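One structure below.
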Amino acid sequence: MEDIGKSNSLRASAASVRTVDQFREWTKTCLRPILPHESFLCGFGRMHAGGVGLDYIIAVDFPMEHLQAIRNRAGAIDTPVLRRWLASSEPVFLDAANPWPEIDAKWLESFRTSDLRNVAAHALLDAERCVGTYHSLYRIPHAPDIGYLQTLRDAVPVLHELFCRIIDSLRADDRISERLAKLNEREHEIVGWVGMGKTNSEIAQIIDMSESTIKHRLSDIFDKLGMSNRAQLARCLADCEARRLHGQTTRVL
(Lines give C-alpha, C1' and ligand atoms only; values in the text may rest on other atoms or scores of the structure.)
Protein backbone atom coordinates (compact mmCIF):
# COMPACT_ATOMS: atom_id res chain seq x y z
CA MET A 1 0.00 0.00 0.00
CA GLU A 2 2.87 2.36 0.79
CA ASP A 3 4.38 1.86 -2.69
CA ILE A 4 1.02 2.56 -4.32
CA GLY A 5 0.72 5.72 -2.26
CA LYS A 6 4.16 6.91 -3.39
CA SER A 7 3.30 6.23 -7.02
CA ASN A 8 -0.02 8.08 -6.79
CA SER A 9 1.64 11.01 -5.04
CA LEU A 10 4.33 11.15 -7.71
CA ARG A 11 1.76 11.04 -10.49
CA ALA A 12 -0.29 13.82 -8.91
CA SER A 13 2.74 16.08 -8.51
CA ALA A 14 3.78 15.44 -12.13
CA ALA A 15 0.45 16.56 -13.57
CA SER A 16 1.43 20.23 -13.73
CA VAL A 17 4.93 19.69 -15.17
CA ARG A 18 5.20 20.96 -18.74
CA THR A 19 8.77 22.14 -19.39
CA VAL A 20 12.29 20.73 -19.07
CA ASP A 21 13.13 23.19 -16.28
CA GLN A 22 9.99 22.21 -14.39
CA PHE A 23 10.92 18.56 -14.87
CA ARG A 24 14.38 19.11 -13.37
CA GLU A 25 12.90 20.87 -10.35
CA TRP A 26 10.27 18.15 -9.96
CA THR A 27 12.92 15.41 -9.84
CA LYS A 28 14.63 17.28 -6.99
CA THR A 29 11.55 18.09 -4.93
CA CYS A 30 9.32 15.08 -5.63
CA LEU A 31 11.37 12.18 -7.02
CA ARG A 32 14.52 12.50 -4.90
CA PRO A 33 12.73 12.23 -1.52
CA ILE A 34 11.22 8.84 -2.38
CA LEU A 35 14.17 7.55 -4.43
CA PRO A 36 17.29 9.06 -2.81
CA HIS A 37 20.04 9.94 -5.30
CA GLU A 38 22.35 12.82 -6.15
CA SER A 39 22.40 12.72 -9.96
CA PHE A 40 19.76 11.80 -12.50
CA LEU A 41 19.84 11.08 -16.21
CA CYS A 42 16.97 10.03 -18.44
CA GLY A 43 16.72 9.38 -22.15
CA PHE A 44 13.97 9.18 -24.77
CA GLY A 45 14.25 7.25 -28.02
CA ARG A 46 12.28 5.85 -30.92
CA MET A 47 11.91 2.10 -31.37
CA HIS A 48 12.90 0.68 -34.75
CA ALA A 49 14.06 -2.58 -36.31
CA GLY A 50 17.61 -2.13 -35.02
CA GLY A 51 16.58 -1.32 -31.43
CA VAL A 52 15.96 2.03 -29.75
CA GLY A 53 17.65 5.21 -30.98
CA LEU A 54 18.33 7.73 -28.21
CA ASP A 55 16.95 11.10 -29.35
CA TYR A 56 16.73 13.22 -26.20
CA ILE A 57 18.46 13.34 -22.80
CA ILE A 58 17.62 15.31 -19.66
CA ALA A 59 20.40 15.54 -17.08
CA VAL A 60 19.96 16.71 -13.48
CA ASP A 61 23.12 17.44 -11.45
CA PHE A 62 24.93 15.08 -13.78
CA PRO A 63 28.65 15.39 -14.72
CA MET A 64 28.51 16.33 -18.38
CA GLU A 65 32.12 15.26 -18.93
CA HIS A 66 31.01 11.65 -18.45
CA LEU A 67 28.16 12.15 -20.89
CA GLN A 68 30.62 13.34 -23.54
CA ALA A 69 33.01 10.47 -22.75
CA ILE A 70 30.41 7.79 -23.44
CA ARG A 71 29.30 9.03 -26.85
CA ASN A 72 30.02 6.56 -29.61
CA ARG A 73 31.32 7.49 -33.08
CA ALA A 74 27.80 8.22 -34.31
CA GLY A 75 27.30 10.73 -31.49
CA ALA A 76 24.81 8.54 -29.61
CA ILE A 77 25.13 7.41 -25.99
CA ASP A 78 26.48 3.94 -25.25
CA THR A 79 26.16 2.46 -21.75
CA PRO A 80 26.53 -1.11 -20.41
CA VAL A 81 23.83 -0.36 -17.83
CA LEU A 82 21.20 0.07 -20.52
CA ARG A 83 22.48 -2.98 -22.39
CA ARG A 84 22.07 -5.11 -19.26
CA TRP A 85 18.56 -3.73 -18.72
CA LEU A 86 17.65 -4.68 -22.30
CA ALA A 87 18.68 -8.25 -21.48
CA SER A 88 16.43 -8.48 -18.40
CA SER A 89 13.80 -5.69 -18.49
CA GLU A 90 14.29 -5.45 -14.73
CA PRO A 91 15.77 -2.65 -12.60
CA VAL A 92 19.56 -2.75 -12.74
CA PHE A 93 22.09 -1.72 -10.09
CA LEU A 94 25.81 -1.19 -10.63
CA ASP A 95 28.38 -0.39 -7.93
CA ALA A 96 31.64 0.96 -9.34
CA ALA A 97 33.49 -0.74 -6.48
CA ASN A 98 32.22 -4.12 -7.68
CA PRO A 99 31.78 -3.80 -11.47
CA TRP A 100 30.39 -6.43 -13.82
CA PRO A 101 32.99 -8.53 -15.67
CA GLU A 102 31.81 -7.41 -19.13
CA ILE A 103 32.12 -3.66 -18.49
CA ASP A 104 34.48 -1.78 -20.79
CA ALA A 105 37.49 -0.45 -18.85
CA LYS A 106 37.36 2.97 -20.50
CA TRP A 107 33.68 3.40 -19.64
CA LEU A 108 34.32 2.35 -16.05
CA GLU A 109 37.26 4.74 -15.72
CA SER A 110 35.09 7.65 -16.85
CA PHE A 111 32.31 6.55 -14.49
CA ARG A 112 34.72 6.50 -11.54
CA THR A 113 36.52 9.70 -12.52
CA SER A 114 33.15 11.47 -12.58
CA ASP A 115 32.53 10.16 -9.03
CA LEU A 116 29.19 8.66 -10.00
CA ARG A 117 29.95 5.72 -7.66
CA ASN A 118 26.79 3.69 -8.40
CA VAL A 119 23.64 3.67 -10.48
CA ALA A 120 20.15 2.19 -10.35
CA ALA A 121 18.33 2.18 -13.67
CA HIS A 122 15.04 1.09 -15.18
CA ALA A 123 13.33 1.72 -18.50
CA LEU A 124 10.04 1.33 -20.31
CA LEU A 125 9.44 0.29 -23.91
CA ASP A 126 6.14 1.69 -25.15
CA ALA A 127 5.07 -0.51 -28.09
CA GLU A 128 1.93 1.54 -28.75
CA ARG A 129 3.89 4.75 -29.29
CA CYS A 130 7.00 2.97 -30.58
CA VAL A 131 9.19 4.86 -28.10
CA GLY A 132 11.23 3.98 -25.05
CA THR A 133 12.46 5.94 -22.02
CA TYR A 134 15.43 5.14 -19.80
CA HIS A 135 15.88 6.47 -16.25
CA SER A 136 19.08 6.22 -14.21
CA LEU A 137 19.77 7.44 -10.67
CA TYR A 138 23.36 7.90 -9.47
CA ARG A 139 25.19 8.30 -6.16
CA ILE A 140 22.57 6.40 -4.23
CA PRO A 141 23.33 6.50 -0.47
CA HIS A 142 23.37 2.69 -0.18
CA ALA A 143 22.77 -0.42 -2.25
CA PRO A 144 19.07 -0.45 -3.15
CA ASP A 145 16.90 -2.86 -1.20
CA ILE A 146 13.73 -4.56 -2.45
CA GLY A 147 11.64 -1.55 -1.45
CA TYR A 148 13.84 0.89 -3.39
CA LEU A 149 13.72 -1.22 -6.53
CA GLN A 150 9.95 -1.63 -6.28
CA THR A 151 9.53 2.12 -5.90
CA LEU A 152 11.70 2.56 -9.00
CA ARG A 153 9.48 0.12 -10.91
CA ASP A 154 6.40 2.07 -9.85
CA ALA A 155 7.98 5.44 -10.62
CA VAL A 156 9.15 4.68 -14.16
CA PRO A 157 5.65 4.64 -15.77
CA VAL A 158 5.08 8.11 -14.26
CA LEU A 159 8.47 9.29 -15.51
CA HIS A 160 7.74 7.80 -18.92
CA GLU A 161 4.42 9.61 -19.34
CA LEU A 162 5.93 12.86 -18.12
CA PHE A 163 8.94 12.61 -20.42
CA CYS A 164 6.73 11.76 -23.41
CA ARG A 165 4.57 14.79 -22.70
CA ILE A 166 7.62 17.06 -22.61
CA ILE A 167 9.01 15.57 -25.83
CA ASP A 168 5.67 16.03 -27.62
CA SER A 169 5.98 19.73 -26.82
CA LEU A 170 9.62 19.88 -27.93
CA ARG A 171 8.86 18.12 -31.19
CA ALA A 172 6.59 21.02 -32.07
CA ASP A 173 9.75 23.14 -31.90
CA ASP A 174 11.67 20.60 -33.99
CA ARG A 175 9.06 20.84 -36.72
CA ILE A 176 10.03 24.48 -37.04
CA SER A 177 13.51 23.37 -38.13
CA GLU A 178 11.93 21.39 -40.94
CA ARG A 179 9.94 24.43 -42.00
CA LEU A 180 13.08 26.57 -41.91
CA ALA A 181 14.61 24.34 -44.56
CA LYS A 182 11.68 25.10 -46.88
CA LEU A 183 12.11 28.91 -46.84
CA ASN A 184 13.26 30.53 -50.08
CA GLU A 185 16.71 32.06 -50.57
CA ARG A 186 15.69 35.64 -49.65
CA GLU A 187 13.81 34.46 -46.58
CA HIS A 188 16.86 32.45 -45.46
CA GLU A 189 18.98 35.58 -45.85
CA ILE A 190 16.62 37.62 -43.68
CA VAL A 191 16.41 34.82 -41.10
CA GLY A 192 20.20 34.70 -40.98
CA TRP A 193 20.43 38.40 -40.14
CA VAL A 194 17.75 38.01 -37.48
CA GLY A 195 19.84 35.23 -35.95
CA MET A 196 22.75 37.68 -35.76
CA GLY A 197 20.62 40.14 -33.80
CA LYS A 198 20.07 42.68 -36.57
CA THR A 199 17.03 44.99 -36.41
CA ASN A 200 14.60 45.46 -39.31
CA SER A 201 16.24 48.79 -40.12
CA GLU A 202 19.72 47.25 -40.20
CA ILE A 203 18.58 44.32 -42.35
CA ALA A 204 16.89 46.74 -44.77
CA GLN A 205 20.16 48.62 -45.24
CA ILE A 206 22.22 45.46 -45.66
CA ILE A 207 20.07 43.86 -48.38
CA ASP A 208 18.85 47.13 -49.92
CA MET A 209 15.14 46.85 -49.17
CA SER A 210 12.73 49.15 -47.39
CA GLU A 211 12.13 48.60 -43.70
CA SER A 212 8.42 48.05 -44.37
CA THR A 213 9.30 45.30 -46.88
CA ILE A 214 11.49 43.59 -44.30
CA LYS A 215 8.68 43.80 -41.77
CA HIS A 216 6.27 42.28 -44.29
CA ARG A 217 8.75 39.53 -45.19
CA LEU A 218 9.27 38.69 -41.52
CA SER A 219 5.53 38.47 -41.02
CA ASP A 220 5.36 35.91 -43.85
CA ILE A 221 8.30 33.98 -42.33
CA PHE A 222 6.64 33.87 -38.89
CA ASP A 223 3.45 32.54 -40.50
CA LYS A 224 5.36 29.81 -42.34
CA LEU A 225 7.21 28.80 -39.17
CA GLY A 226 4.22 29.01 -36.86
CA MET A 227 5.88 31.70 -34.74
CA SER A 228 4.74 35.03 -33.39
CA ASN A 229 7.96 37.01 -32.88
CA ARG A 230 11.68 37.26 -33.67
CA ALA A 231 12.70 36.12 -30.17
CA GLN A 232 11.22 32.67 -30.90
CA LEU A 233 13.03 32.61 -34.23
CA ALA A 234 16.36 33.58 -32.65
CA ARG A 235 16.07 30.82 -30.02
CA CYS A 236 15.26 28.23 -32.68
CA LEU A 237 18.23 29.31 -34.81
CA ALA A 238 20.60 29.15 -31.84
CA ASP A 239 19.44 25.64 -30.96
CA CYS A 240 19.82 24.39 -34.54
CA GLU A 241 23.32 25.86 -34.80
CA ALA A 242 24.44 24.34 -31.51
CA ARG A 243 23.32 20.90 -32.63
CA ARG A 244 25.00 21.31 -36.03
CA LEU A 245 28.33 22.38 -34.53
CA HIS A 246 28.42 19.51 -32.07
CA GLY A 247 27.21 16.94 -34.59
CA GLN A 248 24.75 15.61 -32.06
CA THR A 249 22.31 12.88 -33.00
CA THR A 250 21.08 12.96 -29.39
CA ARG A 251 19.71 16.23 -28.09
CA VAL A 252 20.74 17.07 -24.51
CA LEU A 253 18.07 19.23 -22.92
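A compact table of results
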read-out	value
Region 15-25, subset surrounded by fewer than 19 Cβ atoms within 10 Å (Cβ to Cβ) and in a helix (DSSP H, G or I), residue farthest from the chain's Cα centre (by Cα)	25
Boolean, residue 170 is over 30 Å from residue 16 (Cα atoms), surrounded by 12 or more Cβ atoms within 10 Å (Cβ to Cβ) and modelled with pLDDT under 85	no
Residues located in region 95-120, provided they are in a loop (DSSP other than H, G, I, E, B) and closer than 12 Å to residue 69 by Cα	114
Residue within region 233-240 that is at pLDDT 85 or above and more than 30 Å from residue 5 (Cβ to Cβ) present	no
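Here's the yes/no breakdown for (1) modelled with pLDDT under 95; (2) on the phi > 0 side of the Ramachandran plot; (3) in contact with a helix residue (DSSP H, G or I) (Cβ under 8 Å, 6 or more places away or on another chain):
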position: 156; (1), (2), (3): no, no, no
position: 181; (1), (2), (3): yes, no, no
position: 203; (1), (2), (3): yes, no, yes
position: 208; (1), (2), (3): yes, yes, no
position: 221; (1), (2), (3): yes, no, yes
position: 225; (1), (2), (3): yes, no, yes
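The values are calculated or read from the model by the stated rules, or taken from the named source; none is laboratory data. Since we're looking at a predicted model, the values are computed, not measured. For neighbour counting, all protein chains shown are included, and Cβ atoms are generated from backbone atoms with ideal geometry for every residue, glycine included.
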